[in-house]
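J.: Below: one structure in structure tokens.
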Amino acid sequence: MPSRPTRRVLPVALVLSVARVLSVARVLSVARVLSAALLLAASLAACSKADQAPPAATATSTTLGERLSSPAKVVIVTPRNGQTVPKGDVRLKVELDKAKIVSVTTTKVRPDQGHVHVLVDGQLAAMNYTLDGKLPALTPGQHVIRVEFVAADHLPFDPRVFAQSAFLVE
């Protein structure tokens, strides 16, 4: 009986390199990031050994393995939920408890170190290494901001550490 060809498994370093490339882009739409993640996941699945069954998915599993849980708590100080802000420079201020911001991307993640991803109306607006800054220009009307504390490898903790606020721009 002919043997099946063995397929190569992508090295973790390659997967993390792709993650780093994605992190360099300062403003990507969530759809683009999700498309890239799905493409990466499909590539990994196609490269797994054909004679092995995939492991059962768990609440903490990802294509890169189990994720750490973080003790961090994140709070959006401004703009507060329900707040009305004038059109112009809308400032973001975030508080982070039980963790610190680090500016280095690394695969040696710690549950108390990472940085902040900022999404405005579902679109990635920034990957910050600070806890305050200016939001992109916003049109008058209702907006939703989501701030997530992620590990130093740009991937989320499990459970995710985030805060969300809906506010009005005049």
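All of the numbers you see were taken from the coordinates with simple rules; none came from a lab. As the structure is a computational prediction, the values presented were derived from the model and not from experiment. Heads up, the Cβs are rebuilt from the backbone with ideal geometry, glycines too, and the neighbour counts pull from every protein chain shown.
J.: Extension gain Val77-Gln142, at 0.36 nm per residue separation less the Cα-Cα distance, in nm? Write down the numbers at each step before the final one.
T.: On the way: separation 65, 0.36 × 65 = 23.40 nm, distance 1.76 nm.
So the chain would gain 21.6 nm between Val77 and Gln142.
J.: About the Cα centre of the range 94-170, how large is the charge dipole given +1 on each Lys and Arg Cβ and -1 on each Asp and Glu Cβ? Please answer in debye to the nearest 20. Working shown, then result.
T.: Details: 7 positive and 9 negative charges, 46 e Å.
Magnitude of the dipole: close to 220 debye.
J.: Determine the sum of side-chain charges near Val75: Lys and Arg each +1, Asp and Glu each -1, restricted to other residues whose C-beta is under 14 angstrom from that of Val75.
T.: Details: positive: Lys73, Arg80, Lys93, Lys98, Arg146; negative: Glu95, Asp97, Asp132, Glu148.
Here the charged neighbours net out to +1.
J.: Among the lysines, select those whose C-alpha is under 26 Å from the C-alpha of Lys87, and discard any that sit fewer than 8 residues away in the same chain.
T.: Lys134
J.: Which value, in debye to the nearest 20, gives the size of the charge dipole of the range 61-117 about its Cα centre, when Lys and Arg are +1 and Asp and Glu are -1 at the Cβ?
T.: Numbers: 10 positive and 5 negative charges, 18 e Å.
Computed charge dipole of the range 61-117: roughly 80 debye.
J.: Cα-based Rg of the range 76-170 per 2.2 N^0.38 Å, rounded to two decimals?
T.: In units of the globular-protein estimate, the range 76-170 measures up at 1.09.
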